[in-house]
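Asks: Dropping a structure here in structure tokens format, bear with me for questions.
Nothing in this text is a laboratory measurement; each read-out follows from the coordinates by a stated rule. Small disclaimer: the values here were computed from a predicted structure and weren't measured. In this analysis, Cβ positions are derived from the backbone assuming ideal geometry, glycine residues included, and neighbour counts consider all displayed protein chains.
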Amino acid sequence: MAAGGRQAAEAERRVGLSRRRRQPDDAALRPFTHMKRIEQVVLAADLAGTAVFAVEGANAAIGAGLDLFGVMVLSLVVALGGGVIRDLLIGARPPSAVSDWRYPALAFASGLFAFVFHERVAAFSPSLLTTLDAAGLALFAVAGAVKALEFRVHPFIATLMGAVTGCGGGVVRDVLLARIPVVLVTDIYASAALLGAVVVVSCRRLGCSPIVAAVLGGVACFALRMAAVRFGWQLPKIAAGA
């Protein structure tokens, strides 16, 4: 009887061990959950910024007198250009704009919307368009910095990638339209993207969650850009011919 009891106890112990092996280890899953959260932050900010900048690119193309094809090209360039440059520089290949169909589809749809409903979009107040542009800049700056950190680049480089993501598409747009890039001559713009990226990188280095870092960085970028527009802040420059 004693031997039978020991055998039964041993069998129960083995069954318990087997069940524990099949159950997921929370500690082991935690890094995967963390990475998933980072990916969600990047995706949400990237897609939102894509829609905003695609409309802006379409407006610039319409203002330059381009046809439908030109409008769609400018929409895609402005919406996806900064992200493509960022991904190539940090080694994210293929770029998200190529590997994820949602990026070009959203940019195309947003550009087409701006073309078809141009009169309604043109009726938007300048302040609203400026606000949307600042929001798009903040979203892209945040997404660029967060994704660069995800690929374990140096924090300084991650900061630059935030600015590249926010301003890269606009620079390519201006080159295609044969004009000096707006980020080089306008009131504080790229600097706002840099500030947002600095806040994101600093918060992540201090142990903040990706969502908290993204929110704080986005608010900082948006606030500086809107304040620069409101009060006419500009970086120092030397007048031509001086």
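Asks: Exposure proxy check: Lys147, Lys237 ranked by fewest other beta carbons within 10 Å?
Replies: Working: Lys147 27, Lys237 9.
Ranking Lys147, Lys237 by Cβ neighbours within 10 Å, fewest first, gives Lys237, Lys147.
Asks: Where the centre of each part is set by its Cα atoms, how far does region 200-232 sit from region 101-133, in angstrom?
Replies: Cα centroid of region 200-232 versus Cα centroid of region 101-133: 24 Å apart.
Asks: Still on this structure: Explain nothing, just compute: Karplus ³J(HN,Hα) = 6.51 cos²θ - 1.76 cosθ + 1.60, θ = phi - 60°, for every residue of region 220-231 in order, whole Hz, x for Gly and Pro.
Replies: 4, 5, 4, 5, 5, 5, 5, 5, 4, 5, 5, 9
Asks: Can you give the percent of C-alpha pairs in region 104-242 whose distance is more than 26 Å? Show your work: numbers first, answer last.
Replies: Details: 2911 of 9591 pairs.
Percentage above 26 Å: 30.
Asks: Still on this structure, I have one more. Counting C-alpha atoms alone, how compact is region 84-132: give Rg to one decimal and Dmax as a whole number, in angstrom.
Replies: 15.1, 41
Asks: Give me Cys167, Cys208, Cys221 sorted ascending by neighbouring Cβ count inside 10 Å, so fewest comes first. Walk me through the numbers before you get to the answer.
Replies: Numbers: Cys167 26, Cys208 17, Cys221 32.
Listing Cys167, Cys208, Cys221 from fewest to most nearby Cβ atoms yields Cys208, Cys167, Cys221.
Asks: Would you calculate the separation in nanometres between label points at Leu88 and Arg37, each defined as 7 Å from the Cα along the Cα-to-beta-carbon direction?
Replies: 3.4
Asks: Which loop-located chymotrypsin sites (Phe, Trp or Tyr not before Pro) does region 89-147 contain, where loop means any DSSP state but H, G, I, E or B and the Cβ has at most 10 other Cβ atoms within 10 Å? Walk me through the numbers on the way to the answer.
Replies: On the way: sites: Trp101, Phe108, Phe113, Phe115, Phe117, Phe124, Phe140; in loops: Trp101, Phe117, Phe124.
Loop-located and lightly packed - Trp101.
Asks: Using R₀ = 25 Å, calculate the FRET efficiency as 1/(1 + (r/R₀)^6) where r is the Cβ-Cβ separation of Arg102 and Ala227; round to 0.05.
Replies: With R0 = 25 Å, the Cβ-Cβ based efficiency is 0.15.
Asks: A follow-up question, please. In nm², what is the average projected area of the convex hull enclosing the Cα atoms of region 155-214? Mind dumping the intermediate values first?
Replies: Values: hull surface 17.0 nm².
If you wrap the Cα atoms of region 155-214 in a convex hull and average its projections, you get 4.3 nm².
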